[in-house]
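Trainee: The structure's right below; bear with me while I get my questions together.
We did not get these values from a lab; they are worked out from the coordinates using the rules stated. A quick note: this is a predicted structure, and the numbers were derived from the prediction, not measured. Backbone-built Cβ (ideal geometry, glycine too); neighbour counts: all protein chains shown.
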Amino acid sequence: MKEVKEYSLMVENAIKSLGLPVEKLDGLYSPIVYGMAEGGKRLRPVMTLMACEAFGADAQKAIHAGVGLEMYHNFTLLHDDVMDNSDVRRGRPTVHRKWDANTAILSGDTMLTLATQLMMRVDDACLRSVLETFNDMSINVFEGQQWDMDFEKRDDVTLDEYMTMITGKTSALLGCAAKVGALIAGASAEDAQAMYDFGVSLGLAFQIKDDYLDVYGDPATFGKPIGGDILNNKKTYLMLLGLSSDKGDALREAMTLAASQEKIDAVRDIYNEAGIPAMCEAAIKDYSSAAVAHIESTSMSAEGKEVFKRLIDSLVGRTR
């Protein structure tokens, strides 16, 4: 099997080869090219290619599906940034800031259809199962986003509800990416489900790590300003842990402060006093271990299992 960077290169080359008709409708397609460029980790398509090869098929068989999932992921980011009124994504202006909100919405809609078209380019033998997995994932992501929006209006969000939300909004796409790669390779139903469960567990660890980095990350490497979740009183794993701790009252008071560095510092101090960083690290370790267990349960080669374990380690230890 290849290393992660080799799969990433395959994805980058495939994205560059999409040939979107920018010259035909620059206002529609240039934002898509912009949104897909410098696309972060390319984690989802990499997982699809890895899973396909781990179960004995040529990773190239999964390239269109992998790019389709990356297109879908970036479609959600365009729309999320509009809904969250975010100015920066991956260290660059968001699409709705560089162009406008209407452009971000329409280009995002186009990306969703392009993603579906790409998913349909798999072999006929697995087309139905791949599309069913893709469509189920899409609904889970949309439901997760609605949960996230609802949380903004509620002061009684529980940690269990939060985990349900991120299972839909974040983990479902990772689970889909891994499962689709296995399906394209002709893996058994049991192995395909194990890959989905692996992706879900990894996604939970990934999102908790993301919440952690928003508070404790290095702004030079994180790609966006530190403390944004605190400034917006966003319900995150850290905040919900803090609210349920003996520092809950102090945290609620700090949340009433005006958006400022003072507020970020005050909330971070409360997290430190409540031991929130250690709790996050423990949860990340637990979900990472579950991801490893799902990989171990499959019939993929020992080499494939090692490549996936290294991927897990790299994500858990990441700084951005």
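Trainee: Using only Cα atoms, tell me the angle between helix 261-274 and the longest principal axis of the chain; keep it within 0 to 90° and round to the nearest 10.
Mentor: 90
Trainee: Which of the three applies to segment 151-232, rounded, prolate or oblate, going by the alpha-carbon gyration tensor with a ≥ b ≥ c and a/c under 1.5 meaning rounded?
Mentor: Here segment 151-232 falls in the oblate category.
Trainee: Taking segment 78-168, which GluC sites (Glu not before Pro) meet the DSSP loop condition and have no more than 14 other C-beta atoms within 10 Å?
Mentor: Details: sites: GLU132, GLU143, GLU152, GLU161; in loops: GLU152.
Hits after loop and neighbour filter: GLU152.
Trainee: Oh, and also: How do 93-103, 120-130 rank on mean C-beta neighbours within 10 Å, highest first? Display every interim value, and only then the final one.
Mentor: Values: 93-103: 17.4, 120-130: 15.3.
Highest to lowest by the protection proxy: 93-103, 120-130.
Trainee: Could I ask something else about it? Lys/Arg Cβ at +1, Asp/Glu Cβ at -1, dipole of the chain taken about the Cα centre: which of VAL215, TYR29, VAL307 is farthest positive-ward?
Mentor: So the residue furthest toward the plus end is TYR29.
Trainee: Out of the GluC sites (Glu not before Pro) in segment 1-32, which ones are loop residues according to DSSP with at most 15 other C-beta atoms within 10 Å? Present the calculation step by step, with values, prior to reporting the outcome.
Mentor: On the way: sites: GLU3, GLU6, GLU12, GLU23; in loops: GLU3, GLU23.
For GluC sites (Glu not before Pro) across segment 1-32 that sit outside H, G, I, E and B with at most 15 neighbouring Cβ atoms in 10 Å, the list reads GLU3, GLU23.
Trainee: Go through LYS2/LYS309; LYS98/LYS263; LYS285/LYS309 and tell me which ones have a Cα-Cα distance over 23 Å in this structure.
Mentor: On the way: LYS2/LYS309 13 Å; LYS98/LYS263 29 Å; LYS285/LYS309 13 Å.
Check vs 23 Å cut-off fails for LYS98/LYS263.
Trainee: Now for a different question. Kindly provide the helix-only [θ] at 222 nm of the chain, computed as the sum of -39,500 (n - 2.57) over DSSP H runs of four or more divided by all residues, to the nearest 500 deg cm²/dmol? Write down the numbers at each step before the final one.
Mentor: On the way: 17 runs with 231 residues, N = 320.
Helices in the chain give a 222 nm mean residue ellipticity of -23000 deg cm²/dmol.
Trainee: Under the classification rounded if a/c is under 1.5, otherwise prolate if a/b is larger than b/c and oblate if not, where does segment 1-100 fall, given a ≥ b ≥ c as square roots of the Cα gyration tensor eigenvalues?
Mentor: Details: a/c = 2.66, a/b = 1.81, b/c = 1.47.
Since a/c reaches 1.5 and a/b is larger than b/c, the shape of segment 1-100 is classed as prolate.
Trainee: Could you work out how far helix 302-316 tilts from the main Cα principal axis of the chain, as a 0 to 90 degree angle to the nearest 10?
Mentor: Roughly 30 degrees, rounded to the nearest 10.
Trainee: Next up: Gain in length, ASP84 to GLU143, computed as 0.36 nm per residue apart minus the alpha-carbon separation, to one decimal in nm? Please list the in-between numbers first.
Mentor: Values: separation 59, 0.36 × 59 = 21.24 nm, distance 1.62 nm.
Extra length available between ASP84 and GLU143 comes to 19.6 nm.
Trainee: For the chain, with the dipole built from +1 on Lys and Arg beta-carbon atoms and -1 on Asp and Glu ones, taken about the Cα centre, which of ALA250, SER129, THR48 lies farthest toward the positive end?
Mentor: Positive-end residue among those listed: THR48.
Trainee: Arrange MET50, MET195, MET163 by Cβ neighbour counts within 10 Å, fewest through most, would you? Walk me through the numbers before you get to the answer.
Mentor: Values: MET50 28, MET195 32, MET163 17.
Fewest-to-most ranking of MET50, MET195, MET163: MET163, MET50, MET195.
Trainee: Report the charge-dipole magnitude of segment 4-316 in Debye, nearest 20, computed about the Cα centre from +1 at each Lys and Arg Cβ and -1 at each Asp and Glu Cβ.
Mentor: Details: 30 positive and 47 negative charges, 162 e Å.
Dipole about the Cα centre, nearest 20: 780 debye.
Trainee: Roughly how far apart, in whole Å, are the Cα centres of segment 244-280 and segment 27-78?
Mentor: 37
Trainee: A follow-up question, please. Compute the distance in nm between two label points, each set 7 Å from the Cα along the Cα-to-Cβ direction, one at GLU281 and one at GLU262.
Mentor: Calculated label separation equals 3.2 nm.
Trainee: For the chain, divide the Cα radius of gyration by the Kirkwood radius and give the resulting Rg/Rh value with two decimals.
Mentor: Details: Rg = 19.7 Å, Rh = 20.2 Å.
Rounded to two decimals, Rg over Rh is 0.97.
Trainee: Still on this structure, I have one more. Figure the gain on full extension for GLU303 and GLU161 (residue separation times 0.36 nm, minus the Cα-Cα span) and round it to one decimal in nm.
Mentor: On the way: separation 142, 0.36 × 142 = 51.12 nm, distance 3.70 nm.
So the extension gain works out to 47.4 nm.
Trainee: What is the magnitude of the charge dipole of segment 53-93 about its Cα centre, with +1 placed on the Cβ of each Lys and Arg, -1 on the Cβ of each Asp and Glu, and no other charges, expressed in debye to the nearest 20?
Mentor: Values: 4 positive and 7 negative charges, 22 e Å.
Using only the charged Cβ atoms, the result is roughly 100 debye.
Trainee: Same structure, new question: Mind putting a number on the dipole of segment 1-100 about its Cα centre? Charges go on the C-beta only, +1 for Lys and Arg and -1 for Asp and Glu, and I need it in Debye to the nearest 20.
Mentor: On the way: 13 positive and 14 negative charges, 27 e Å.
Value, rounded to 20: 120 debye.
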